[in-house]
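Asker: Right, I'll just put the structure down here and ask away after.
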Amino acid sequence: MSTATTERGGAPDLAGAPGGRDDAPRGAAFRWSAPALAAGAAAFAGVATYAGYLVLQVAQLLLLRRLAPRFFWLDDSQGQFGPMIWWLGRHLQDGRPPLMDPEQGMAGNITADMQYGALDPLHWGLQALAAGTDDVLRMAWGFGALCVLLLGTGVLVLLRSYRVHRVLAVAGALGVASSGFFLWYGSSWWPLLWSVAWLPWFWWGLAARRWWSVVVLAVATWALLASGNPYVLFFALALLAAQAVELVRAAGTARALLRGAPLARLAALLAGLAVASPTLLTTVQLSSVMSRQDPDPVIGNEGFGVANLADVLLGGPTLLGQTNAWGGNVQLVPALYTLLVAVPALALVDWRRAWRAPGVLTAASVYLLAVVFTQLPTTVSVFRYPLRYIVVAEVALPLLALLGLTAAAVVTRRRLWIAAGLVAAQGALSWARAPVFVKWHALAVVVVALAVAALVLLLRAPRRAQAVAGAVVLLALTWGTVFVGERMMVSLQDRVDALDGRPSPDDEPLRSLPAGGQLATTVADYRARSAAVDQAVTVITYDFGDDMGWAGGVLRGNGNLLADLRTGGGSLAVWQSALDTHWCRSYEGASCSDAGTLLATAPGTGTAWVDLLSDDTVLLDRDAPQELAAHFDQTWARAGTAGDFVEYRRDDGLPGRVTAADGVTVTQQPGGSGLAYGDAPMDTYTVATGDAPGTLAFRIPSWPGLRVTLDGRPLPAGSVDGSVLAVTVPAGVDAGTLAVSYVPVGERILVPAFLAGALLLVVAVVLRAVAGRRRRAADTDQRPIPDREERTT
């Protein structure tokens, strides 16, 4: 069949519902035709398609690692996610991570930050894998490669299920999996990599006819809900709604939603929700004491992190991510590109015909919603920096373009001029944003133009050899797009070094990070530089310096966990509101409370807040306020120095995590104070009181879910001004056992939630199998019975 070359040509028969046979010829939307493949040849072609993608994707990652070894090890991956995932993996107990470590302060409630997956078995597997190596670069690249391959393979499976040509499907998978925001920003924010990688699988599970698609749908739902990236959930709902509309449109009645296959998908969705519910409900439980960034109080939108609309719509290979006041790690990186031909290919589709093709409405809905969301205010409820939504637009746009081309490709002179104009607009916009890199923008325009020419050749070539040439060029250029941006960033780093008057230390791309961003790459190196290892101390510093604390022996955020050093702080995505008012910590763990606040007396304890909240060993920065230094000199024992810190030790006779006692004699039982694992106590003490009740205060931050028992009977878990745990011990207790545990709602429902999820998944599989059998029977009944002559022939 020939491709339509007029505005009103006949629609190609390539577009079909997902899940059909994969051995049908795929040349229907192309000018050159291919013979029908035998079953064996079709199977081989299918395997070759996926194998070819995997080879190209792995080769791309290997070359990227050679050019930029630290690509996935920077900023938040260094200071937050990598160290925490590794540390949790090293402290797995019976395959499960701890739920809380009070020695990390309010950063130590692992369940309060759903990005770590403390109640999610999918994350437990990632933690176990991360802990299997002491090479942090290997860990980072392993995680990054896993997510890239998961996303790319999902896109390929989805496109092939919609009958997209093999070459275009592989190009789409490569383009989406190496798109700018996903790769450059996700390399720092790992939950983005993990969550976005599941989006195409979620879509495929909703649309496919295979019986096991409901299993994929359940797992994808679970992974998305427990991913720690709530920004992606809006688009999962959009996928669900758009697929429902497509189903009703195809069937001509809303009753189609009540048939077996849709009900099977509903059961699969509920199964995924059930398994993710421990993570979600714990987040809801803890939200009562958590705080996040508030909207701008003056006008409600400060414009920070709001992408320019032209950038969103026309992003090209060299368009930088710097928008308005954005200063994050996408500030000066090419974060706004996706599949090379995605934008100009929109001009080569007859959208009046393509609109009714399967999948087009869904892709368009998700893409347009993502574009709208990029223009939201800086902060909306708990969601901030709408620049993040660009990643979904970069996934949906190639899908929309390729599905449109498959359904109604139109190549005319007028449309080619429109496509050329879009390519020119991409280059002009990039030049306007960063005119100093004009040679890179010119190169990008040439690359995109060649890719569009290859696409047109693939669509209209009268001979197979010409189409093959177009396919090779298209795949090669799509594969190499990421290296155009990477090399541009290397030249940008060279330019910065030249302006700063210092030589470039290596051939790494600029990532808008300080010089100290080049930290070590092995756990042994982290332990060697650390001010302390394998212990808990409280570090009081107001600035980690340009090297992120490396020279001083204490790193910002969670970096210290690679030396198993717990510092009383860490990387914070959320804050315990009351505690933050008494000892403010920045998101990197540096103190932001003045000396007067820390030295104020905690109500009902007679103890200064800094003493109540500190470990038995304190490392005080030499540059800390003099009032704090004088306080520790007077009330603590000076024990020497460690790196840039003065070491002090508490000597008040209070055991474990008890930091204030009134009317209670307390000693710690064997085992000491440990990590919180479900129902197992993390602290156990022997207590005694006289004729009156007594009180104990701990340095354990006060969170919903803390449990206290005395000789096995529950005691009310109080607090000191809502900040840290406090307990009133009844009068007349003689050698009672006081135990402190952390059991959030997710821990209590973990096993029932998984049982419910498994049961719902079984229901989904059964419903899907029955629906498939009925569909096949209906197809058989509608097939005409051949007469004797036809049967003989």
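Asker: Give the value in nm², to one decimal: projected area of the alpha carbon convex hull of segment 627-682, averaged over all directions.
Answerer: If I average the Cα hull's projected area over directions, I get 6.3 nm².
Asker: Something else: Identify the trypsin sites (Lys or Arg not before Pro) of segment 194-250 meeting these criteria: DSSP loop state and at most 16 other C-beta atoms within 10 Å of the C-beta.
Answerer: Those satisfying the criteria are Arg209, Arg210.
Asker: If you don't mind, another one. Measure nothing but the geometry: give the 0 to 90° angle between the long axis through the Cα atoms of 464-500 and the longest principal axis through the Cα atoms of the chain, rounded to 10°.
Answerer: It is inclined by approximately 30 degrees.
Asker: Could you work out the pair-distance distribution P(r) of the chain from its alpha-carbon pairs, with 20 angstrom bin width and percents rounded to whole numbers?
Answerer: 15, 43, 29, 11, 2, 0
Asker: Nearest 10 degrees is fine. How inclined is helix 438-460 to the longest principal axis of the chain, computing both from alpha carbons?
Answerer: So the helix axis and the longest Cα principal axis differ by about 40 degrees.
Asker: While we're here: Could you give me D for segment 120-174, from Stokes-Einstein at 37 °C and 0.692 mPa s, where the hydrodynamic radius is the Kirkwood radius over C-alpha pairs? Units µm² s⁻¹, please. Mind dumping the intermediate values first?
Answerer: Numbers: Rh = 12.8 Å.
For these conditions, the coefficient is 257 µm²/s.
Asker: By the scheme Lys and Arg +1, Asp and Glu -1, what is the net charge of all other residues having a beta-carbon under 14 Å from that of Gln80?
Answerer: Neighbour charge sum, excluding Gln80 itself: -2.
Asker: On to the next question. Can you give the Rg/Rh ratio of segment 374-461, where Rg is from the C-alpha atoms and Rh is the Kirkwood radius?
Answerer: 1.07
Asker: Calculate, for the chain, the solvent-accessible area per residue in square angstrom, rolling a 1.4 angstrom probe over the heavy atoms of the protein chains.
Answerer: Accessible area per residue, the chain: 39 Å².
Asker: Further, regarding this structure: What is the dipole size for the chain, taken about its Cα centre, with +1 at each Lys and Arg Cβ and -1 at each Asp and Glu Cβ, in debye to the nearest 20?
Answerer: 5360 debye
Asker: Taking H placed 1.01 Å from N in the peptide plane, check which residues at least 5 places from Ser719 or on another chain put their amide H under 5 Å from its amide H.
Answerer: Under 5 Å from the amide H of Ser719: Ala726.
Asker: Related question: Can you tally the net charge around Thr283? Count Lys and Arg as +1, Asp and Glu as -1, for every other residue whose Cβ sits under 14 Å from the Cβ of Thr283. Kindly include the intermediate steps, with their values, before the conclusion.
Answerer: Values: positive: Arg292; negative: Asp113, Asp120, Glu747.
Around Thr283, the surrounding residues sum to -2.
Asker: Turning to a different aspect of this structure: Return the calculated 222 nm mean residue ellipticity for the chain, to the nearest 500 deg cm²/dmol, obtained by summing -39500 (n - 2.57) across DSSP H runs with n ≥ 4 and dividing by the residue count. Kindly include the intermediate steps, with their values, before the conclusion.
Answerer: Numbers: 25 runs with 365 residues, N = 793.
Value at 222 nm, helices only, nearest 500: -15000 deg cm²/dmol.
Asker: Can you give me the distance in nm between label points at Trp417 and Ala48, each placed 7 Å from the Cα along the Cα-to-Cβ direction?
Answerer: Here the modelled spin labels are 4.0 nm apart.
Asker: Ranked by accessible surface with a 1.4 Å probe, highest first, in what order do Ile299, Ile85, Ile700 come?
Answerer: Working: Ile299 130, Ile85 25, Ile700 0 Å².
My answer, sorted largest first, is Ile299, Ile85, Ile700.
Asker: Run the quick spin-label model on Arg464 and Asp543: label points 7 Å from Cα toward the beta carbon, then report their separation in nm to one decimal.
Answerer: Using points 7 Å along Cα→Cβ, the separation is 7.0 nm.
Asker: Is any residue of segment 665-689 close enough, with backbone N under 20 Å, to a label point placed 7 angstrom from the Cα of Val743 along the Cα-Cβ axis, and if so, which?
Answerer: 673-686
Asker: Turning to a different aspect of this structure: Give the distance, in whole Å, between the Cα centre of segment 659-713 and the Cα centre of segment 113-128.
Answerer: If you average the Cα positions of each part, the centres end up 28 Å apart.
Asker: Separate question: Wrap a convex hull around the Cα atoms of segment 164-245, take a quarter of its surface area, and give that in square nanometres. Don't skip to the end; give the middle numbers.
Answerer: Values: hull surface 23.7 nm².
Mean projected area of the Cα convex hull: 5.9 nm².
The values are calculated or read from the model by the stated rules, or taken from the named source; none is laboratory data. Note that the structure is predicted; figures quoted are calculated from it, not measured. Note that each Cβ is placed from the backbone with ideal geometry, even for glycine, and that neighbours are counted across all protein chains shown. To get the accessible areas, we keep the full protein, side chains included, count just its heavy atoms, and leave off ligands, DNA and RNA. Shrake-Rupley method; radii C 1.70, N 1.55, O 1.52, S 1.80 Å.
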